[in-house]
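A.B. asks: Dropping a structure here in structure tokens format, bear with me for questions.
The values are calculated or read from the model by the stated rules, or taken from the named source; none is laboratory data. These numbers come from a predicted model, not from an experiment. Please note: Cβ atoms are built from the backbone with ideal geometry, for glycine as well, and neighbour counts cover all protein chains shown.
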Amino acid sequence: MRKFIPFLLIILIVLALVSGCGKTTTNTSTGSLKIDDFIFCSEIAGDRDFIKRDDKTFSKDENVLIYTEVSNFTPKDVSGKFEYWPVVEVEVKDPQGNSIIQRQKIIDEKLEISTKAPYLYFPITLTFPADSPDGKYEVTAYFEDMNSGREAQMKDNFFLE
């Protein structure tokens with residue numbers, strides 16, 4: 001498993017972006033965050049601006065893009081602004097089930113905005129070297145609201161060929 005890590009170039013480009021308009025959620029649960037979207041994409045241009053990849057199949061020379069949207073974050077009032085503190089971690093397993101990224105923290109940043117956001121979105125980018133094995137990979141994304149302690153996670157598969 002360790003021998004794989006030096007050969008695996010994984011670039012996790014994650015921008016914690018917020019939107020103060022548009023979506024309302026029907027989630028009334030106060031016990032956890034709600035993952036509204038976890039979508040494999042060919043392209044992500046911004047908030048709700050992406051091209052969905054239904055087959056979740058990527059070639060080794062392209063980025064695996066995942067658009068995630070999470071709601072039910074609790075902001076803190078900081079001088080009349082709303083402060084959010086999301087933490088996002090990602091774990092990836094190869095076709096043999098070996099962890100090639102072991103729950104790596106990719107976001108841990110306070111966000112301060114002037115309007116209350118109904119959701120936060122996180123584009124995730126994974127890049128693999130050309131010699132990665134073909135097959136089904138598993139990605140798990142963990143989301144935590146540091147202000148409230150609420151959590152959620154999502155697991156899905158994608159394919160490299």
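A.B. asks: Out of region 70-92, which residues are free of Cβ contacts under 8 Å to residues at least 60 places away in the same chain, farther than 16 Å from V139 by Cβ and not in a loop (DSSP other than H, G, I, E, B)? Can you show your working first?
C.D. replies: Going through region 70-92, the residues free of Cβ contacts under 8 Å to residues at least 60 places away in the same chain turn out to be 71, 77-82, 87, 89, 91.
Now restrict to residues that are farther than 16 Å from V139 by Cβ: 71, 77-82, 87.
Matches in region 70-92: S71, D77, V78, K81, F82, V87.
A.B. asks: Ok, one more. Here are the criteria: (1) within 16 Å of D156 (Cβ to Cβ); (2) out of contact with any Phe, Trp or Tyr (no Cβ under 9 Å at 6 or more places or on another chain); (3) at pLDDT 95 or above. Tell me which single one I35 does not satisfy.
C.D. replies: (2)
A.B. asks: Please name all residue pairs, on different chains or six or more residues apart, with Cβ atoms under 8 Å, provided the first residue is in region 107-121 and is of a type in the set (K, R) and the second residue is modelled with pLDDT of 95 or more and part of a strand (DSSP E or B).
C.D. replies: Here the result reads K110/E83; K110/Y84; K116/F82, each pair linking region 107-121 to a residue that is modelled with pLDDT of 95 or more and part of a strand (DSSP E or B).
A.B. asks: Let me ask something additional. Between a first residue in region 43-64 that is in contact (Cβ under 8 Å) with a residue 24 or more places away in the chain and within 21 Å of Y121 (Cβ to Cβ) and a second residue that is of a type in the set (A, V, I, L, M) and surrounded by fewer than 17 Cβ atoms within 10 Å (Cβ to Cβ), which pairs have beta carbons less than 9 Å apart while being 6 or more apart in sequence or on different chains?
C.D. replies: Note: pairs meeting the criteria are I44/I51; G46/L17; D47/L17; N63/I11; N63/I13.
A.B. asks: Further question: Would you mind stating whether F159 is surrounded by 14 or more Cβ atoms within 10 Å (Cβ to Cβ) and outside any strand (DSSP E or B)?
C.D. replies: So F159 does not fit the description; no.
A.B. asks: Working carefully through the options V64, V90, find the one that is modelled with pLDDT of 95 or more, closer than 25 Å to S32 by Cα and buried (at least 20 other Cβ atoms within 10 Å of the Cβ).
C.D. replies: The unique qualifying residue is V90.
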